[in-house]
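No value in this document is a laboratory result; all are computed from the given coordinates. Note that this is a predicted model, so its numbers are computed, not measured. So basically every Cβ, Gly included, is an ideal-geometry build from the backbone, and we count neighbours across all protein chains shown.
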Amino acid sequence: MLKVGLTGGIGAGKSEVSRLLVSYGAVLIDADKIAREVVEPGTPGLAAVVEAFGQDVLAADGTLDRPKLGSIVFADASRLATLNAIVHPLVGARSAELEGEAGDGAVVIHDVPLLTENALAPLYDLVVVVDASPKTQLDRLVRLRGMTEDEARARMAAQATREQRLAIADLVIDNDGPLEALEPQVRKVWEGLAERAAS
């Protein structure tokens, strides 16, 4: 089994890269998706979040009000640390479980947005960074995700810098250009990963 950490700044196009890798045969463990699962209604994770942040972070239907929680934690590093201390261990345990279900020769892609920030690179055989310039990230967040420029800049500022991400990369996928330029790069990376997993 080859364990690959996949990361990139918000708006860099990491989701598109993981989608392509899965289409070639990778097993994807998506930390964001798991992070949502571990705070679903009725979970110990959601109970812990409500205990730490109050009933205000719940929507009317009893689910986590993500935008509300986001507005609290992205404006305050200590609150973000509190949230991470609740969610990260739960995500780690579930990820390990899913990894155990992958086959021996599998290429397991761990899609981890905060891989750099949480110094998780040593957990993987290789780290792949999806890279885009801050200008491109900002444009995508405003144009495609409907954020205001201030919201987009705040999200970007809450993450590691481009330089910090590139410093831990074993492989870099440049996603500053159009989608057509991405696919051949990802395929080439996949071929190398599959080869390593098989050897």
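Brief remarks follow.
- Most mobile listed residue (Thr82, Thr161, Thr116) in the chain, GNM with C-alpha springs under 10 Å: Thr82
- Cβ-defined net charge surrounding Gln55, 12 Å radius [Lys, Arg +1; Asp, Glu -1]: -2
- A Förster distance of 41 Å, applied to the separation of the beta-carbon atoms of Ile72 and Asp170, puts the FRET efficiency at 0.70.
- Our helix-only sum for the chain, with -39,500 (n - 2.57) per DSSP H run of n ≥ 4 divided by its residues, gives a mean residue ellipticity at 222 nm of -16500 deg cm²/dmol.
- Estimated vicinal HN-Hα couplings, Hz - segment 96-106 in sequence order (Karplus 6.51, -1.76, 1.60; Gly, Pro = x): 4, 4, 5, 4, x, 8, 7, x, 4, x, 6
- Taken about its Cα centre, segment 86-199 carries a charge dipole of about 360 debye when Lys and Arg each add +1 at the Cβ and Asp and Glu each add -1 at the Cβ.
- In order through segment 80-88: 3J(HN,Hα) via Karplus (6.51 cos²θ - 1.76 cosθ + 1.60), integer Hz, x for Gly, Pro: 4, 4, 4, 4, 4, 5, 7, 7, 4
- Helix 44-53 and the longest principal axis of the C-alpha atoms of the chain enclose an angle of approximately 50°.
- Scanning residues 5 or more positions from Ala160 or on other chains, those with amide H under 5 Å from its amide H are Glu117, with H placed 1.01 Å from N in the peptide plane.
- Backbone HN-Hα couplings from phi across segment 161-176 [Karplus 6.51/-1.76/1.60, Hz, Gly and Pro as x]: 6, 4, 4, 4, 5, 5, 5, 9, 6, 8, 9, 10, 10, 7, 10, 8
- Expressed to the nearest 5 percent, the antiparallel share of DSSP beta bridges inside segment 1-131 is 5 percent.
- Only the Cβ atoms of Lys and Arg (+1) and of Asp and Glu (-1) were treated as charged; on that basis the dipole of the chain about its Cα centre amounts to roughly 300 debye.
- What you get for segment 65-105, charging only the Cβ of Lys and Arg (+1) and of Asp and Glu (-1), is a dipole of about 360 debye around the Cα centre.
- The alpha-carbon atoms of segment 1-75 define a convex hull whose volume equals 136 cubic angstrom per residue.
- Using the Cβ of Ala152 as centre and a radius below 14 Å, the other residues enclosed give a net charge of +2, where K and R count +1 and D and E count -1.
- Residue-span extension gain [Thr63 to Ala119] - 0.36 nm each, minus C-alpha spacing: 17.2 nm
- Whole-angstrom gap from segment 183-199 to segment 69-105, using each part's C-alpha centre: 27
- Nearest 10 degrees, 0 to 90: helix 14-24 Cα axis against the chain principal axis: 50
- Coarse-grained scattering of the chain at q = 0.08, 0.19 Å⁻¹, given as base-10 log I(q)/I(0) from a Debye sum over alpha-carbon atoms: -0.28, -1.41
- Cβ-based net charge around Pro67, under 14 Å, with every Lys or Arg adding one and every Asp or Glu removing one: +2
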